[in-house]
Amino acid sequence: MSEDPTAAFRIEAGELLEQVEQGLLDLRDRLGDLGLVNAVFRGLHTLKGSGAMFGFDALAGFTHHCETAFDRVRKGDVRATPELVDVILSAGDHMRALVDGAASPAEGQAILDRLAAAVDAAAGVDAPGAAAAAVAPAATQGWTLTFTLPPDAMANGTNPLALLDELRELGEATIVARTDAIPTLDELVPNHCFVGWDCTLIGDITRDAIEDVFLFVMDDMEITIAPLASQVEAIDPAPEAAPGPAADVVAPPVAANDAGNRQPAAAARAQGEHVRVPAERLDALMDRVGELVIAQSRLSQLAGHGQDLALRSVSEEIERLAGEMRDTMMVLRMVPVSTLFGRFRRLIHDLAIETGKSIELVTEGETTEVDKTVIERLFDPLVHIIRNSCDHGLETAGDRIAAGKPGTGLIRLSAHQAGGEVLITITDDGRGIARDRIRAKAEANGLITPGQPMSDDELLGLIFHPGFSTAAQVTNLSGRGVGMDVVKRTIESLRGSIVVKSVDGAGSTITLRIPLTLAIIEGLLVRVGEGRYVIPLSAVEECLELSLEEDLRSRGRSIITLRERLIPFLRLREVFDTGTRPDTYQKIVVVGTGAERVGLVVDQIIGNHQTVIKAMSPLHRGVASFAGATILGDGSVALILDIAQLVALGQPREERRLAAG
Amino acid sequence: MPYSKIPNWTPERGLEVLTFGLGGETFALEAGIVQEILDVQPITRVPGADPLAAAVINFRGRIVPLADLRGSFGMEAHATTADSRIIVIELELDGDPTLIGLAADRVNEVTVLHAGDAEEAPVIGIRWPREHVRCLVRRAGDVVVLPDLPHLFARLTGRADDPVTLH
């Protein structure tokens, strides 16, 4: 399985840009923070380096300009200004386009022009923080270095000569090769680097500058960096790292590792080790675990019937392990919502500029974990809701102050887990939803009759109606062809729900309830004819018995009365054309989506079942009644009913039947 | 292995195929697309699905459709026998590799067919639609049918905006 190496670079570049962007957004709030300046610089530097390595020359060239600008900020001759940060933010967008191969050169040039202007405006101004820090990392008269490259450095594309040249560019360098590790000819591996170097660097050089030279190899190499002519100071405070200038000492591996951890590429590891795995491998693992659980349940049956105690004990052990593996497997797909929320900081930043409003974003519960697929599918609806809040909800600073509120509008994004669901709320402290305008618009559109009495929830619910938008004029922000109806549909496709609350003059809250994972649902396993089916438990309202006499009596109308409401029902035996006779005691499972209710007549209710959902094959795309399939304990396949489709199927049938009869 | 309308004959070796029997005819599939041959196992009917793929099976924890070419080739349904097998193949449908199980009355052998023995399906003289066939190949007094599977399945994978109605 050979992968396109540029695909790996694209992923890495995406992450780097994400880090750079977060760094820039933080920097915008704390312009003097040198740690952030350095982080952004290192991100740009790495991006340039790996871009060039993978042949993304335009990207490397463009990034080089931004890196240079940031290097000047780092060194203190340019001040970090909001303008500069904004330019680099849009430069980041351009870099993304360059990575995707969809960039317009003219746009790139325009950004570089703006960059030059921003740098000029910020140049030569005293930058206290930056200047102090540029000096801080122990600029001395010079350094002595002792280093050996990782053996596979050349195989990985590192050119040792280029590294030496980079060192020479830093200052006056004396470099001596150590050849004692070179083996005899028969043991020589041509592409292994056996040479080590001792180097003396004279000049006003920061340790950062030296570390930058070794940025891509630092993780695996042995290196000692010590200030010249001072008492020896190794790159990290490991006490035993104390070589003299010419000492032939290899730094302890600990020192190399610690040094490596200062690199930006390793920054992600600060929050714990992470491994990137393609989703399809996780799915394959999930399939294997599914098989294991099935094989295990067969083993349990065999062991349960036999007399062999040892077999039974092994079987129980395997049952426990399989169950745990399954649980662990499920958690593998969960990621914290911070990965989602982080992306909205940029959106708010841009919206504030576009609308001219002052907006603050507060996020809560970012460690709440949700299935990765769910997170990805939540992004677009949330963008829409947040845009709405900023565009329609929040007032301008002037209006806010006049209304006695702080000039800065607040958007609060919070997540927390409640049982098998996660609640995501988007709150703004704006003017609230104008109910009179909703009513007027709905009346104008003929959705409701003038003066029709409605509950507050019903009235607010009108905004989810297709084609409904209360914006007096379609603005750049909200008029993008998607309305709240699309948001609602997306949320419902995730088996979630959405609720709007609004207080006049004090703002609105939109709450999304989303299942934690799409991979598992609680289901009710039923039998219809000889087939077994799963009804998602979230849709089940109650189960009733339908005796054969009642069934016969109800022929021709298929309606039951349940607490003074008429509920149509579908005989799944007929819908699925099973060709079997009904059981004597059939059951009706009453299911609902929204306000609609339908009874589904089944032959037998087998019980609750935790279901791993698997998609239907593309060959069954035309079959609407099933939302997916699952594998039961005995290895057979059960289909999962698509309740919305069945309810829709039930309604017109019953209306036809009523109209006819 | 790519699956093209015209079989990818190599001059020296011909085309390596798996032959199987269905409704009295001999069919052949490029050996490279065959993943596994399964004994008969429990199937799950998919109500409302097209007769070409009316069921699913559990293939190593994955839900795989079970296709039955008999209908498309005008053959009668056939009871399962001790010789019946399911051939699991991987085909690219809509750009995605897709696993499909094919029902077979019996699986014969892996053999090599030669381009020189191949003929386009005649306009008359066969009882099934000509476009279901890539070519016919004469072999040891028999005729082997190379079905055009992507063509057969295209009807099902077309984004169905008009869902199949249930009875």
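The values are calculated or read from the model by the stated rules, or taken from the named source; none is laboratory data. Values in this document were obtained by computation on a predicted structure and should not be read as measured data. Positions of Cβ are generated from backbone atoms using ideal geometry, with glycine treated the same way; all protein chains shown enter the neighbour counts. Quick note on the areas: whole protein, heavy atoms, side chains included, nothing else; ligands and nucleic acids left out. Shrake-Rupley method; radii C 1.70, N 1.55, O 1.52, S 1.80 Å.
Summary table below
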| quantity | calculated |
| --- | --- |
| Partner chain coverage, peptide A:632-645 - average Cβ within 10 angstrom | 3 |
| Shielding score for A:399-406, defined as the mean number of other chain Cβ atoms within 10 Å | 0 |
| Peptide-level mean, for B:62-72, of C-beta atoms on other protein chains within 10 Å | 3 |
| Peptides A:182-188, A:388-394, A:578-584, A:624-630 ordered by average Cβ neighbours within 10 Å, highest first | A:388-394, A:624-630, A:578-584, A:182-188 |
| Mean Cβ neighbour count within 10 Å, used as a protection proxy, ranking A:308-318, B:96-106, B:38-48 highest first | B:96-106, B:38-48, A:308-318 |
| Computed label-point distance, nm, for sites A:E364 and A:M325 using a 7 Å Cα→Cβ extension | 4.2 |
| Förster radius 41 Å - calculated FRET efficiency between A:T396 and A:A97, Cβ distance, rounded to 0.05 | 0.80 |
| For segment A:51-64, Karplus couplings with θ = phi - 60° (6.51, -1.76, 1.60), whole Hz, Gly/Pro x | x, 5, 4, 9, x, 8, 5, 4, 4, 4, x, 5, 4, 4 |
| Distance between modelled label sites at A:E187 and A:L302, nm, 7 Å Cα→Cβ extension | 5.2 |
| Partners for A:K75 among lysines (Cα-Cα distance below 21 Å; same-chain residues under 8 apart left out) | A:K48 |
| Pair B:W9, B:R106: separation of 7 Å Cα→Cβ label points (nm) | 2.8 |
| Length released on extending from A:R565 to A:A648, taking residue separation times 0.36 nm less the Cα-Cα span | 28.1 nm |
| Where B:T26, A:T63, B:T10 fall by accessible area, highest first, once all protein chains stay in place (1.4 Å) | B:T10, B:T26, A:T63 |
| Relative packing of peptides A:437-447, A:30-40 - highest average C-beta neighbours within 10 Å first | A:30-40, A:437-447 |
| Links that overshoot a 24 Å alpha carbon limit, given the list A:K441/A:K488; A:K357/A:K405; A:K587/A:K614 | A:K587/A:K614 |
| Sequence of B:V34, B:V133, B:V110, A:V189 from largest to smallest accessible area, 1.4 Å probe | B:V110, A:V189, B:V34, B:V133 |
| Counting DSSP beta bridges with both ends in chain B, the antiparallel % (nearest 5) | 90 |
| Where B:H78, B:H132 fall by accessible area, highest first, once all protein chains stay in place (1.4 Å) | B:H78, B:H132 |
